[in-house]
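Contents: one structure, followed by commentary.
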Amino acid sequence: MSAATANRQPLTPAPAFETHEKQQELVASPERFRVASWGRRAGKNISAVIDLVEHVRYPWRFEWGTDDPDDYLIWWLGPSYDQANKYGFQTFIAAIPDSWIDDVNRTKPYVVVLSNGVTVEFRTYDRPDSLQGAGVDHMIVDEAYQMPEEVWYSDLDPMLLDTRGSVLFISKPKSRFFKKLYERGESPDFEEWASFHATSADNPFIDENPEDKRGEVPDMVFRQEYLAEFVDDEGDVFGAIDDLLFTLDGPPDEPTPPFVHGWDLARHDDYTVGVVLDADGRLVEFERMRDKSWPQIEDAIRTAARRRDGIVAMDATRDNKLVADIGADHAVEPIKFTRQTKTDLVENLATRVENGELSAYDVPQLRHEMTVFTYEVTPSGNVHYAAPEGYKDDCVDALAMAADQLSQVQAMKRRKDNRDDDRGGVTYI
């Protein structure tokens with residue numbers, strides 16, 4: 001610390017925050033690079049705001065960065081300007097007294113100039129060309145798992161060279177790059193790094209018990225989002241599908257009736273996909289087509305339904321006469337896709353795959369869609385499932401619809417078996 005800063009006074013009055021033990025440990029840590037891998041509602045965002053408040057109050061207390069508040073620059077970086085604004089800029093402004101603020105820029109990039117000279121800029125790392133300028137004394141990287149690795153090495157890390165600035169990374173435990181950063185903090189070979197782990201249950205201030213989510217969402221989602229574990233194939237909803245699902249050499253020679261069909265309908269941009277499962281949950285048939293007329297699609301569905309009698313689960317999201325027409329001759333279960341419907345279908349499918357209730361022969365497109373299929377958890381805590389941008393999920397949807405009705409055909413089989421047992425093996429005509 002220089003003599004010029006020895007008698008500086010911190011900004012007052014200091015905001016009061018109610019914090020738990022893991023938050024106190026994170027904010028108090030003196031390491032240059034801190035990596036917080038925390039579960040949902042564990043308090044990582046408010047911890048980052050507290051960290052920001054501490055750095056603007058008295059930057060000379062920290063070993064890293066300049067001692068002079070007039071030259072002290074902080075960057076808050078989010079995956080988008082919207083998130084940097086909502087979770088950084090607005091939360092910070094709301095947390096500090098008006099007397100601390102000398103100037104505010106409420107357009108992109110958002111800027112707060114404090115009365116002691118410290119400047120805080122709220123930026124996004126999805127636009128690397130905007131990450132240029134003078135050295136930065138402290139950074140907070142929000143949702144660090146979304147930051148491309150090259151942005152860190154090419155754009156952000158070099159900004160800390162002249163200032164020997166510091167960084168706080170906060171994120172859920174996702175992406176290989178963020179895992180690499182977290183592992184640095186756990187290694188004795190990286191003395192300037194420290195890692196911090198907190199589960200959702202470590203936050204005593206939330207009313208909901210995170211354990212209630214166990215069993216409601218796929219195990220992989222629960223472990224990652226609530227237990228803050230790095231899981232294999234992060235983002236992969238269906239787990240080890242080679243071991244759990246794709247276990248058949250080919251379609252079964254003697255499939256078990258009755259059957260359940262799942263049909264995801266499309267004509268041009270996407271594919272119409274049909275799958276057929278037997279009553280044992282085995283994939284019996286798979287069909288994928290594109291650029292077909294509605295009469296051609298109807299013919300394909302009717303042909304499959306005649307060949308494999310049972311229940312036909314169909315995408316009824318569009319106001320399509322096709323569903324009603326086929327329903328006149330076959331047992332049709334119409335399914336209208338909403339976000340909640342999609343969630344229920346996918347989670348049922350994932351649970352059945354995890355429990356070994358389904359088996360399939362290798363279908364490359366189905367395998368690919370299930371491998372890349374992912375999820376995000378919204379700020380309100382809801383899980384949103386979808387294919388990544390630029391990918392398809394028609395096969396996943398078709399299989400999910402069939403799996404959703406599997407219990408129905410299994411009940412039909414049990415009733416038939418019971419009737420056969422009641423006859424004592426005698427068939428009456």
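Quick note: the coordinates plus some simple rules give every number you see, no bench work behind them. All of these numbers come straight from a predicted model, not from anything done at the bench. For neighbour counting, all protein chains shown are included, and Cβ atoms are generated from backbone atoms with ideal geometry for every residue, glycine included.
Quick look at the values:
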quantity: Positive dipole terminus of segment 3-210, leading residue within Trp64, Thr199, Ser29 (C-beta point charges); calculated: Thr199
quantity: Using alpha-carbon coordinates, inclination of helix 44-57 to the longest axis of the chain, degrees; calculated: 10 degrees
quantity: Angle between the chain longest axis and helix 394-404 axis [Cα atoms, degrees, rounded to 10]; calculated: 70 degrees
quantity: Dipole-positive endmost among Gly327, Met314, Phe286 within segment 279-348 (Cβ charges, Cα centre); calculated: Phe286
quantity: Fewest-first sequence of Met159, Met401 by Cβ atoms within 10 Å of each Cβ; calculated: Met159, Met401
quantity: Share antiparallel - DSSP beta bridges, segment 58-148, percent rounded to 5; calculated: 45 percent
quantity: Value of [θ]222 nm, deg cm²/dmol, for the chain, DSSP H segments ≥ 4, -39500 (n - 2.57) each, nearest 500; calculated: -8500 deg cm²/dmol
quantity: Residue-span extension gain [Arg302 to Ala324] - 0.36 nm each, minus C-alpha spacing; calculated: 6.7 nm
quantity: Straight-distance crosslink candidates among lysines, where the alpha carbon sits under 18 Å from Lys44 and sequence neighbours closer than 8 are dropped; calculated: Lys22, Lys86, Lys172, Lys174, Lys179
quantity: Residues Trp64, Trp263, Trp294, sorted so that the one with the fewest Cβ neighbours within 10 Å comes first; calculated: Trp294, Trp64, Trp263
quantity: Share antiparallel - DSSP beta bridges, segment 3-210, percent rounded to 5; calculated: 25 percent
quantity: Mean shadow area of the chain, taken as a quarter of the surface of its Cα convex hull (nm²); calculated: 27.2 nm²
quantity: Neighbour-count ranking [beta-carbon atoms within 10 angstrom, fewest first] of Ile101, Ile297; calculated: Ile101, Ile297
quantity: Simple Cβ-charge dipole of the chain, Lys/Arg +1 and Asp/Glu -1, about Cα centre, in debye nearest 20; calculated: 920 debye
quantity: Degrees, to the nearest 10: 294-307 long Cα axis against longest axis of the chain; calculated: 60 degrees
quantity: Cα gyration tensor shape of segment 3-210, rounded if a/c is under 1.5, else prolate or oblate by comparing a/b with b/c; calculated: rounded
quantity: Global geometry of segment 241-414, whether rounded, prolate or oblate, following the gyration tensor of its Cα atoms and the 1.5 cut on a/c; calculated: rounded
quantity: Of all DSSP beta bridges in the chain, antiparallel share, percent nearest 5; calculated: 40 percent
quantity: Relative contact order computed over the chain (Cα-Cα under 8 Å; 6+ residues apart), in percent; calculated: 15 percent
